[in-house]
Amino acid sequence: MASGARRVFVHYHLFKNAGTSLDRWLRVQFGDGWHAHEGDRSLWPADHVMSYLRLNPEVKLLSSHTALLAPSGWVAAADLEIMPIVFLRHPIDRARSVYEFELHQQADTEGASQAKALSIRAYFEWRLSRSGDRTVRNFQSHRLRFAGMAGADELALALDALQRLPFVGLVESFEASLQRLARLLPAQAFVPPPPARLNRTQVAGSDLPQRLAELRSALGDALFARLVEANRSDLLLHTQLRQSLAESARPGRDTPQGD
């Protein structure tokens, strides 16, 4: 960190990646310094994010669905440094959560309208047939690629970003991820994580394998396989993160346990 530079944490709130629960926890940590803001377009360029932060010196933690990661992830300038916070989730479970969220969402968005009008099979067929719709198709790789600097394709860039980012949490290990994140925050009293996540759409008591099996049954083998193939990069990204966290948690390692 440059001497005298102001450090701002940015929560890159990826849709249906436990961001609502994370923001509740972060608001406790940062108080009035926590701010939420979206850019004036669907994707908010990193340099515009920096300009916004310079115009709003009171911001200590920015949460945004639309803010884009910058190349190398960690952005540092003479006057300002961004510390990124990102969470990843199993992409097929995330896709299920997207559908259930839109099914119950009180909004006039196209996704919410289609979820209510269509069966679950028809909804996923609709999503996967739309050119350019990344909602349930390698969504996380698409967003992480902006922080990658090495690689010729999206997956390579996303995997490179995973190595460069100073913190990436795992939704399936939410509380352990918060404990790791707490060690990076400014010195202050640590508030225990909430007992339950907010804005959850999964059935209470169900585990990941059960939820995936239920989704496969609902979609049928062919459509489920199509969804898996559409998320091949995200599945590799998720596996890499899990392996990295497991490696860091081995006895004798200094890195906090994350899985």
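The values are calculated or read from the model by the stated rules, or taken from the named source; none is laboratory data. Being a predicted model, the structure only gives us computed values, none of them experimental. Every residue, glycine as well, gets a Cβ built from its backbone with ideal geometry; the counts of neighbours run over all protein chains shown. When the accessible area is computed, the model is the full protein with side chains, heavy atoms only, and any ligands, DNA or RNA have been set aside. Shrake-Rupley method; radii C 1.70, N 1.55, O 1.52, S 1.80 Å.
Observations
- Looking only at the range 64-106, residues that are among the basic types (Lys, Arg) and touching a strand residue (DSSP E or B) at 6+ places or on another chain (Cβ under 8 Å) come to 1 in all.
- Taking helices (runs of 4 or more DSSP H) as the structural unit, those lying wholly within the range 69-134 and holding at least 2 residues that are open to solvent by 60 Å² or more (accessible area, probe 1.4 Å) and within 23 Å of Leu235 (Cα to Cα) correspond to 120-129.
- Sole exception among (1) open to solvent by 30 Å² or more (accessible area, probe 1.4 Å); (2) at pLDDT below 95; (3) touching a helix residue (DSSP H, G or I) at 6+ places or on another chain (Cβ under 9 Å) for Leu155, by number: (2)
- Some residue of the range 53-64 being free of Cβ contacts under 8 Å to residues at least 60 places away in the same chain, surrounded by fewer than 15 Cβ atoms within 10 Å (Cβ to Cβ) and of a type in the set (A, V, I, L, M, F, W, C): yes
- Residue count for the range 1-58, restricted to those that are touching a Pro at 6+ places or on another chain (Cβ under 7 Å) and more than 23 Å from Ala76 (Cα to Cα): 3.
- Search result, residues across the range 1-29 that are free of Cβ contacts under 8 Å to residues at least 60 places away in the same chain and either crowded, with 16+ Cβ neighbours inside 10 Å or outside any loop (DSSP other than H, G, I, E, B) (or both): His13, Asp23, Leu26, Arg27
Listed here are the residues, each with its yes/no results for (1) out of contact with any strand residue (DSSP E or B) (no Cβ under 9 Å at 6 or more places or on another chain); (2) open to solvent by 40 Å² or more (accessible area, probe 1.4 Å); (3) modelled with pLDDT under 95.
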position	(1), (2), (3)
Leu219	yes, no, no
Leu223	yes, no, no
Ala230	yes, no, no
Ser233	yes, no, no
Thr239	yes, yes, no
Thr255	yes, yes, yes
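- Cβ separations smaller than 9 Å between residues 6+ apart or across chains give the following pairs from the range 86-114 residues that are at pLDDT below 95 to residues that are of a type in the set (Ser, Thr, Tyr) and open to solvent by 20 Å² or more (accessible area, probe 1.4 Å): Ala107/Ser113.
- Positions within the range 40-54 being assigned to a helix (DSSP H, G or I) and either closer than 15 Å to Pro84 by Cβ or not basic (Lys, Arg) (or both), in sequence order: Ala46, Asp47, His48, Val49, Met50, Ser51, Tyr52, Leu53
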